[in-house]
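Here is the structure we will look at, set down as structure tokens.
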Amino acid sequence: MRASGSWPKYYDSLRTFSPARFSAIPGWEPISVDPDSYPERDAVAAYLEGFARSLDVDIRTNTRVADIVRSKHGFLVRTSAGEDFDASAVVAASGSFSNPRRPALPGQDSFTGEILHVVDYSRPDAFAGQRVVVVGGGNSAVQVGHELAQIATVTLATNNPINFVDQRPDGRDLHHLLVAGFDQLPPEWFIPFMAGPLTIDIGNYRAAFEAAVLDRRQVFAALDGDHVIWSNGSRERVDTVLLATGYRPNLGYLATLGAVDERGNPKHKGGISTTHPGLAYVGLEFQRTFASNTLRGVDSDARFIAPALRAYADRLHVAFR
């Protein structure tokens, strides 16, 4: 395993949705010589790996945390290999890529085709000539659906219409506007007004739907054998159902501690645990802002939680002197 997060495991064609100028780590080298380019998956992975090497920290890859409990030192972190670490403070930054959301589909046990999640998808080759239904209408659903539509017959099944926003309105990437304003708003300001995810159109996605290269339908009513039953009652044979239904925080190691609710979601405010002083989070969706679980948003969140953790660790050390 590499010190580059989940990036090496994403599908081959993935590029950042924000320009390199907004995806770089503040205070470190640029991610690309062209600040307006959209770095590819492997370039981002290599960039993060290089940054990790520049840090004066002990990074343990291939080390899975199994459990975290309270201790007189703050926390005891236990790994699946049987190692224990004392910690004054803990930052849970394990993301959600390894915990894909796979909603139960009516009739899925009878389905004779394949049901996959986009986490299982790397490239389109294996789907050539297939009838594919992609469930979801966010960025990954549209990008993967468009890629598959070049060699397969593809429908996106969504509960709501797809909300396209142009990537470069007036020739300038929309992130210039987001970073200047929208990114600064707390989630409670904008989430009530969002009718589903916003999907970035890089210039050909909306056109693909208009040209019937792709189509969008209401989510099907059920699966039955090798067919889907659409909401209007019609039946159609399908080879693969591909779920682009997102991810959930992968925080099972905090269950014993009692820091997560019954669905595995962390109890926090702005990334700082509301149940356990000294515990904080980085990389949660809408943690503090619209950009919290993105490359451009994580620095701001890290700077927000750091003082609280430092203050707690200082108090703890004073208590044990």
### Query
Could you list, in sequence order, the residues of the range 77-88 that are assigned to a loop (DSSP other than H, G, I, E, B), within 26 Å of Leu316 (Cβ to Cβ) and in contact with a strand residue (DSSP E or B) (Cβ under 8 Å, 6 or more places away or on another chain)?
Ser88
### Message
So in the range 14-23, with the set limited to residues that are touching a residue at least 24 places away in the same chain (Cβ under 8 Å) and either out of contact with any Ser or Thr (no Cβ under 9 Å at 6 or more places or on another chain) or not in a loop (DSSP other than H, G, I, E, B) (or both), which one is surrounded by the fewest Cβ atoms within 10 Å (Cβ to Cβ)?
### Response
Arg15
### Message
Pull out all pairs, ordered by first then second residue, where Cβ-Cβ is under 7 Å, the residues are six or more apart or on different chains, the first lies in the range 47-76 and is assigned to a helix (DSSP H, G or I), and the second is polar (S, T, N, Q).
### Response
Leu48/Ser4; Glu49/Ser4
### Query
From the set of residues in the range 128-144 that are touching a residue at least 24 places away in the same chain (Cβ under 8 Å) and part of a loop (DSSP other than H, G, I, E, B), which is nearest to Leu14 (Cα to Cα)?
Gly138
#### Entry: Residue that is open to solvent by 70 Å² or more (accessible area, probe 1.4 Å) and touching a helix residue (DSSP H, G or I) at 6+ places or on another chain (Cβ under 9 Å), where the choices are Arg78, Arg41, Arg60, Arg101
Arg78
#### Entry: Sole residue being over 23 Å from the mean Cα position of the chain (by Cα) and not small (Gly, Ala, Ser), chosen from Arg21, Arg53, Arg41
Arg53
### Query
Restricting attention to the range 266-284, which residues are crowded, with 21+ Cβ neighbours inside 10 Å, closer than 17 Å to Val77 by Cβ and without any contact (Cβ under 8 Å) to a residue 60 or more places away in the chain?
Ser273
### Task
Out of the residues in the range 285-312 that are in a loop (DSSP other than H, G, I, E, B) and open to solvent by less than 20 Å² (accessible area, probe 1.4 Å), state the one that is farthest from Lys72 (Cα to Cα).
Ala291
### Query
Listed residues Pro26, Pro8, Pro39; which is in contact with a Ser or Thr (Cβ under 8 Å, 6 or more places away or on another chain) and in contact (Cβ under 8 Å) with a residue 24 or more places away in the chain?
Pro39
### Query
For Ala3, are the conditions met, namely being under 25 Å from Leu254 (Cα atoms) and part of a loop (DSSP other than H, G, I, E, B)?
yes
### Summary
Those strands (runs of 3 or more DSSP E) completely within the range 179-260 that have 2 or more residues that are at pLDDT 95 or above and either over 30 Å from Arg21 (Cα atoms) or open to solvent by 30 Å² or more (accessible area, probe 1.4 Å) (or both) are 215-218, 222-224, 227-229, 235-237, 240-243
### Matching residues, the range 135-165, being of a type in the set (A, V, I, L, M), under 18 Å from the mean Cα position of the chain (by Cα) and open to solvent by 10 Å² or more (accessible area, probe 1.4 Å)
Val135
### Query
Among Val91, Val33, which is part of a loop (DSSP other than H, G, I, E, B), open to solvent by 40 Å² or more (accessible area, probe 1.4 Å) and either farther than 30 Å from Ala221 by Cα or not aromatic (Phe, Trp, Tyr) (or both)?
Val33
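The values are calculated or read from the model by the stated rules, or taken from the named source; none is laboratory data. Just so you know, these numbers come straight off a predicted model, no measurement behind them. Counting neighbours? That spans all protein chains shown, and the Cβs are built from the backbone with ideal geometry, glycine included. Areas reflect the complete protein model, heavy atoms only, side chains present, ligands, DNA and RNA absent. Shrake-Rupley method; radii C 1.70, N 1.55, O 1.52, S 1.80 Å.
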